[in-house]
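S.K.: Just passing along the structure, written as structure tokens.
The values are calculated or read from the model by the stated rules, or taken from the named source; none is laboratory data. Owing to the predicted nature of the structure, the values given are computational and were not obtained by experimental measurement. Cβ placement follows ideal geometry from the backbone for every residue including glycine, while neighbour counts extend to all protein chains displayed. Heads up: the accessible areas ignore ligands, DNA and RNA and are worked out on the full protein's heavy atoms, side chains in. Shrake-Rupley method; radii C 1.70, N 1.55, O 1.52, S 1.80 Å.
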Amino acid sequence: MFRPARMRKLRIITLDYYSDSLVKSLHDSGVVQIHDISEGIREDVEWREILKPSSVSPHTSNIISFLARITNITEFWDSIETEKVSPLMLLKSFINPEIPEKTEIKDSNREEILENSDDLLDKVESRTVIIQQRLEELESNRIQLESDYNSAKNLEFLDIDISDLIDTDFTYIITGRISLETYENFKKEISDLTDKIVLRESEGGEETKKTVVIITLKNYKEELDKILRKFEFERFDISRLTGKPKEAIKKIEIEIENIKKEKKNLIKETADIADKWREDILILKEQLEIEREKCEIFSSFAKTDKTYMLEAWVKKNDLDEALEIIKTSTKEHSIVDVKNPDGEDNIPVHLENPRFAKPYEFMTKMYSPPQYSELDPTVFFAIVFPFFFGFCLTDGFYGILVTIVGYIIFRGLGKKNKVLRSFGIILIASGVWTIILGLITNGFIGDLFPNYLGINNPVVIPQIDAFVNPQNILILALIVGVIHITLGLILGAYNNIKKGSIGDALGEQICWLILILGVILLGVAYLFNIGSIYIGIGVAIIGLVILIYKNGAFGAMDVMGLLGTIFSYSRLLALCLSTGGMAIAVNIVAFKVVGPIPYIGIILTILVLLVGHSANATIQSLGAFIHSMRLHYVEFFSQFYTGEGAKFKPFFAKRKITKVEGK
């Protein structure tokens, strides 16, 4: 429970004839993690004389090619998806998402899957590729037509056939737009160029641009082009336009409308194809991805002409199952060496915790998985985190809201995502603690009930009423901090002693534990007259002597660091008062500021209460979550936890939409 699962290291040698069967059986069971030994073989001279690194299976390239074709098909289908999701459907998918049933398929071998891939993809592509190409062609035509439409629209002031505006043997004709700011200067320069020039310009039009038609002799082409570039003249491409501008516009509008109709029909046809084949394509994709994993894993092996050698990690509890799988899949044509890896580096870590602590494993991993040889802090996280969250929030009503949100996430998106499921459970536990601590510290929608509704909370403990005795809340927060830090020091000492580093345990944890014990004994003797203050002083001095002996004179300066760490837990009080203070402020605005307003006062009061408390609950919950995590990651973990462990990654078939018959 307090340590990662114990591991065993397997070295397996089998004939190449049974290699596929072995890989398939291990992949189906998911009990081992394959360890890549190819690099080790290259670097080890002795092994290199008898073994050589293996490579991926020859089928890999075909599988990757099929997957690329599937990706092209599915991306095309997704790109033309026309169904719009309504806000109501989106909300329903969050609260109660549909969990599709897995499709049962037969246990096909690789050759059958590859053959099916070829047949199925040929059928689907024979229809989708043609549609895809036609849609791309139509889109290109549409863009071109829209460009022509804009050109014709800009030339509406002309009452001539646009096709006449082309160069002849002697004339040079240009149509386009130019900025109004530079237009007068432009006119002056072209008039200075020659008087053999005709300039027609639009009336009105865009506020910043003017459309012009320029006709001159070809002799002036080069000089005119220089002037056009100088004034950033925007040319129209009218090579595809015929007829007068209004006629051209009408013709283009008809063509664009025809394109829209054809695209609509093609999209409908594609949607029908997708409805018919999507499930088969996605099933095939999952099968191919599983086969690719099995093919690519061979690159982690070593081999001779007739055998393969591989290494794998397996949890101790799964060892017997793994050995039986190896024995059965190779028909006993294998040699397996089982090794206890204690003392090795980079042993993969699999967390094993009680059911109540399981949801908190992702928070431990988010910081960093523990090393194989150190304690797993997840159980302590599960016990303390919800309490800290509740301590920070301390409003019973806000706790109810947090619990409801947690339940919605747990029962909604948690069905599809394990991390969200865990997050929902954490919010439920945190919400329950918030309700408890909120009620006993007199926090329930701020001071709404006692001050505005005349209802007193019967379960309040007066000594820890947050707004009557905040000093007691501070004392409680600091006591909690001392307990939390002390627990961390005990765990750190245990880790060091377990590793045989007794000196480190004395200098890093035990000295602080003795010092804290001395201060506690001194405080108890002084405040409650239990025992002698000299005992406390003596114990504290012993701790200080060990601290200085192991860490030098500068080690004594760390006493201030420890005090700072403990006082960091005063944030529990700060956030507690912040939640209550903001809630009271919302109540004041609702009842004393907008409440007295005639006619609409009641409506505004309800609105302020709803919006104000919703916002306060959201902001304060976020703060409570972040600071509770900080107290673990910074104050608690720094006393004992190293992390940086390697996560156990089982080699297994990830089936999301399929299941094999009989399994």
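S.K.: With the Cα gyration tensor of the stretch 536-663 giving a ≥ b ≥ c as the square roots of its eigenvalues, does the rule (a/c under 1.5 for rounded; else a/b larger than b/c for prolate; else oblate) give rounded, prolate or oblate? Walk me through the numbers before you get to the answer.
M.R.: Values: a/c = 5.40, a/b = 1.27, b/c = 4.26.
Oblate, since a/c reaches 1.5 and b/c is not below a/b.
S.K.: Let me know the shape class of the stretch 349-399, please: from the alpha-carbon gyration tensor, a ≥ b ≥ c as square roots of the eigenvalues, rounded when a/c is under 1.5, otherwise prolate if a/b is greater than b/c, or oblate. Walk me through the numbers on the way to the answer.
M.R.: Numbers: a/c = 3.05, a/b = 2.53, b/c = 1.21.
Taking the square roots of the gyration eigenvalues as a ≥ b ≥ c, the stretch 349-399 is prolate.
S.K.: What is the dipole size for the stretch 134-217, taken about its Cα centre, with +1 at each Lys and Arg Cβ and -1 at each Asp and Glu Cβ, in debye to the nearest 20?
M.R.: Result for the stretch 134-217 is approximately 140 debye, rounded to the nearest 20.
S.K.: Tell me the angle of helix 221-230 to the major Cα principal axis of the chain, expressed in degrees between 0 and 90 and rounded to the nearest ten.
M.R.: With rounding to tens, the tilt is 30 degrees.
S.K.: Run the 1.4 Å probe and let me know the accessible area of His627, rounded to the nearest 10 Å².
M.R.: That residue has around 60 Å² of solvent-accessible surface.
S.K.: Compute the angle between helix 571-588 and the longest alpha-carbon principal axis of the chain, please, reported from 0 to 90 degrees and rounded to the nearest 10.
M.R.: Helix 571-588 sits at roughly 60 degrees to that axis.
S.K.: Please give the Cα centre distance for the stretch 301-332 versus the stretch 408-459, rounded to the nearest Å.
M.R.: 50
S.K.: Mind sorting out which of (1) 1.03; (2) 1.46; (3) 1.18 is the real Cα Rg over 2.2 N^0.38 Å computed from the coordinates?
M.R.: The value matching this structure is (2).
S.K.: At a Cα cut-off below 25 Å, give the lysines reachable from Lys187, other chains included and same-chain residues fewer than 8 away excluded.
M.R.: Straight-line reach from Lys187, under 25 Å: Lys153, Lys196, Lys209, Lys210, Lys218, Lys221, Lys226, Lys230.
S.K.: Accessible area of the chain with a 1.4 Å probe: how many percent of it is carbon plus sulfur? Can you show the working numbers first?
M.R.: Details: 21360 of 36540 Å².
Within the chain, the accessible surface is 58 percent carbon and sulfur.
S.K.: To continue, here is another question. Mind grabbing the accessible area of Asp78 for me, 1.4 Å probe, Å², rounded to tens?
M.R.: Approximately 90 Å² for this residue.
S.K.: Which value, in Å², gives the accessible area per residue of the chain when a 1.4 Å probe is used on the protein heavy atoms? Walk me through the numbers before you get to the answer.
M.R.: On the way: 36540 Å² over 663 residues.
Per residue, the chain has 55 Å² of solvent-accessible surface.
S.K.: Using only the alpha-carbon atoms, how far is helix 396-411 inclined from the longest principal axis of the chain? Give it as 0 to 90 degrees, nearest 10.
M.R.: Helix 396-411 sits at roughly 60 degrees to that axis.
S.K.: Still on this structure, I have one more. Order Ser179, Ser202 by their accessible area, 1.4 angstrom probe, all chains in place, largest first.
M.R.: On the way: Ser179 35, Ser202 10 Å².
Ranked from most to least accessible, the order is Ser179, Ser202.
S.K.: Arrange the residues Lys656, Lys365, Lys210 by how much accessible surface each exposes, largest first, with a 1.4 angstrom probe. All intermediate terms of the calculation are to be shown ahead of the outcome.
M.R.: Numbers: Lys656 160, Lys365 80, Lys210 25 Å².
The most accessible residue leads, giving Lys656, Lys365, Lys210.
S.K.: Of Trp433, Trp313, which has the most accessible area and how do the rest follow, probe 1.4 Å?
M.R.: Working: Trp433 95, Trp313 10 Å².
Ranked from most to least accessible, the order is Trp433, Trp313.
S.K.: Using +1 at the C-beta of Lys and Arg and -1 at the C-beta of Asp and Glu, which of Ser638, Ile325, Phe652 has the Cα lying farthest in the positive direction of the dipole of the chain?
M.R.: Of the options given, the answer is Ser638.
S.K.: By its C-alpha gyration tensor, with a ≥ b ≥ c as the square roots of the eigenvalues, how is the stretch 420-494 shaped: rounded for a/c under 1.5, else prolate for a/b larger than b/c, else oblate?
M.R.: Oblate, because a/c is 1.5 or more while a/b does not exceed b/c.
S.K.: With +1 on each Lys and Arg Cβ and -1 on each Asp and Glu Cβ, how big is the dipole of the chain about its Cα centre, in debye rounded to the nearest 20?
M.R.: On the way: 76 positive and 89 negative charges, 447 e Å.
For this selection, approximately 2140 debye.
S.K.: Here's another thing I want to ask about it. If R₀ is 25 angstrom, what is the calculated FRET efficiency for the pair Tyr549 and Asp345, using the beta carbon separation as r and rounding to 0.05?
M.R.: Values: r = 32 Å, r/R0 = 1.27.
Here the calculated transfer efficiency is 0.20.
S.K.: Separation between the Arg134 and Lys188 pseudo-spin-labels, each 7 Å from Cα along Cα→Cβ, expressed in nm?
M.R.: Going by the 7 Å Cα→Cβ label model, 5.9 nm.
S.K.: Same structure, new question: Rounded to the nearest 0.05, what FRET efficiency is calculated for Ile64 and Ser532 with R0 set to 56 Å and r the Cβ-Cβ distance? It would help to have the intermediate numbers written out before the result.
M.R.: Values: r = 78 Å, r/R0 = 1.39.
Taking R0 as 56 Å, the efficiency between Ile64 and Ser532 is 0.10.
S.K.: I'd like the accessible area for Arg177: 1.4 Å probe, protein heavy atoms, all chains in place, Å² to the nearest 10.
M.R.: Counting only protein heavy atoms, Arg177 exposes about 40 Å² to solvent.
S.K.: For the residue pair Ile99 and Ile606, what label-to-label distance in nm results when each label sits 7 Å from Cα along the Cα-to-beta-carbon direction?
M.R.: The modelled label-to-label distance comes out at 3.9 nm.
S.K.: Something else: Return the calculated 222 nm mean residue ellipticity for the chain, to the nearest 500 deg cm²/dmol, obtained by summing -39500 (n - 2.57) across DSSP H runs with n ≥ 4 and dividing by the residue count.
M.R.: Details: 21 runs with 374 residues, N = 663.
The helix-only estimate for the chain comes to -19000 deg cm²/dmol at 222 nm.
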